[in-house]
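Read-outs: derived from the displayed coordinates by stated rules, not from any lab. What you see is a predicted model; the values in this text were computed from it and never measured.
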Amino acid sequence: MKAPVRVGLYGLLLVVLFLASMLLADALVPAAWVEAWTGGTTGH
């Protein structure tokens, strides 16, 4: 496998893993927890 193809596949894998982790976090962490967590950080 040539280097540019390998780098492209690694980049695609990183994007897929990032999107999967975002979707998983959205499914596991309730929105109320996020609001409570970020509620005290306004003004920073």
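Table for the structure above
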quantity: Helix-derived mean residue ellipticity, 222 nm - over the chain, DSSP H n ≥ 4, -39500 (n - 2.57), to 500; calculated: -27000 deg cm²/dmol
quantity: C-alpha long axis of helix 3-28 to longest principal axis of the chain, angle in °; calculated: 20 degrees
quantity: Cα pair distances of the chain binned at 10 Å [whole percent]; calculated: 23, 27, 24, 16, 9, 0
